[in-house]
Amino acid sequence: EWQSYRWGPMAPREKVRSLLDKDGFFWGNTDLVVQHAKVEEAELEIRTQIDYVISRGFDPSHCLNHMFSLRFRPDLFDMFTRVLKHYKLPTRSPKFQDNPGWPSIDNWVGADLYYMSMDNGKESRFYQILQNLLPGLWEFYPHCAVDCAESRAAFGYSRSVPNDPNSWVGRHSDVELYTLPRAKKFLD
């Protein structure tokens, strides 16, 4: 996803080659995942990640397929569904499946906030979104990052959103917004 901040697998690289580009990192966008990923290798990587979290003493509350790359191919999506059922983990996807046996969010809200700075109305848009919510289970998903040279470098250019050369601005303003005492009070 990021030009200067690359992720690699937790499973042995030689066992998940279809998930990796020529440099040994995960593919840079969902189209390439759809094009290259082998179901068995994607399943091995997912199980390796979940097992690692559990082995460290955590009880995961949910599982997210980053950028929803597995949703674009039925065989990958079916595998993901099967793995989640095995671990009894919900996912953060709206209406993930019929009668999943766990809460399923109705939808996400606030995605447009990601691209906003505090200077261009982010706080008022936040309140507007919350005031207009209908009954249901909704999810905000901020992308918080501390303002520092590292986050500016890591989130400076997105391979998936190339017209967003300053993704870090929204992440830094998310920290500012979600730590405002008045925003916390409004949420309460």
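Exactly one condition in (1) among the basic types (Lys, Arg); (2) surrounded by fewer than 15 Cβ atoms within 10 Å (Cβ to Cβ); (3) at pLDDT below 90; (4) assigned to a helix (DSSP H, G or I) is false for Arg82; which is it?
Single failed check for Arg82: (3).
Give the residue, chosen from Asp59, Asp31, Asp75, that is open to solvent by 30 Å² or more (accessible area, probe 1.4 Å), more than 20 Å from Ala154 (Cβ to Cβ) and modelled with pLDDT of 95 or more.
Asp75
Does the stretch 93-112 contain at least one residue that is among the aromatic types (Phe, Trp, Tyr), within 29 Å of Ser173 (Cβ to Cβ) and touching an Asp or Glu at 6+ places or on another chain (Cβ under 7 Å)?
Looking through the stretch 93-112, at least one residue is among the aromatic types (Phe, Trp, Tyr), within 29 Å of Ser173 (Cβ to Cβ) and touching an Asp or Glu at 6+ places or on another chain (Cβ under 7 Å).
Given the criterion polar (S, T, N, Q), modelled with pLDDT under 75 and open to solvent by less than 50 Å² (accessible area, probe 1.4 Å), identify the matching residue among Ser173, Ser158.
Ser158
For the condition in contact with a helix residue (DSSP H, G or I) (Cβ under 7 Å, 6 or more places away or on another chain) and on the phi > 0 side of the Ramachandran plot, what is the one hit in Gly24, Gly57?
So the residue among Gly24, Gly57 that is in contact with a helix residue (DSSP H, G or I) (Cβ under 7 Å, 6 or more places away or on another chain) and on the phi > 0 side of the Ramachandran plot is Gly24.
Within the stretch 15-28, is even one residue of a type in the set (D, E, K, R), open to solvent by less than 90 Å² (accessible area, probe 1.4 Å), in a helix (DSSP H, G or I) and within 29 Å of Phe155 (Cβ to Cβ)?
no
With respect to the numbered conditions (1) among the β-branched types (Val, Ile, Thr); (2) open to solvent by 30 Å² or more (accessible area, probe 1.4 Å); (3) at pLDDT 85 or above, which one is the sole condition not fulfilled by Val109?
(2)
Given Phe140, Phe126, which one is at pLDDT 90 or above, within 23 Å of Lys184 (Cα to Cα) and surrounded by 14 or more Cβ atoms within 10 Å (Cβ to Cβ)?
Phe126
Filter the stretch 46-94 for residues that are more than 19 Å from Leu19 (Cβ to Cβ) and in contact (Cβ under 8 Å) with a residue 40 or more places away in the chain and give the result.
Arg92
Return the pairs, sorted by first residue and then second, in which the second residue is open to solvent by 30 Å² or more (accessible area, probe 1.4 Å) and modelled with pLDDT of 75 or more, the first residue lies in the stretch 142-159 and is in a loop (DSSP other than H, G, I, E, B), the beta carbons are less than 6 Å apart, and the residues are 6+ apart or on different chains.
Cβ pairs passing all conditions: Pro142/Tyr178; His143/Tyr114; Cys144/Val175; Phe155/Trp168; Arg159/Asn29.
What's the number of the condition Leu89 fails, among (1) open to solvent by less than 90 Å² (accessible area, probe 1.4 Å); (2) over 24 Å from His143 (Cβ atoms)?
(2)
Got at least one residue in the stretch 38-53 being at pLDDT 95 or above, outside any helix (DSSP H, G or I) and open to solvent by less than 50 Å² (accessible area, probe 1.4 Å)?
no
The values are calculated or read from the model by the stated rules, or taken from the named source; none is laboratory data. Treat the numbers as computed from the prediction; the structure is a model and nothing was measured. Methodologically, a virtual Cβ is constructed for each residue, glycine included, from the backbone with ideal geometry; neighbour enumeration extends over all protein chains shown. Quick note on the areas: whole protein, heavy atoms, side chains included, nothing else; ligands and nucleic acids left out. Shrake-Rupley method; radii C 1.70, N 1.55, O 1.52, S 1.80 Å.
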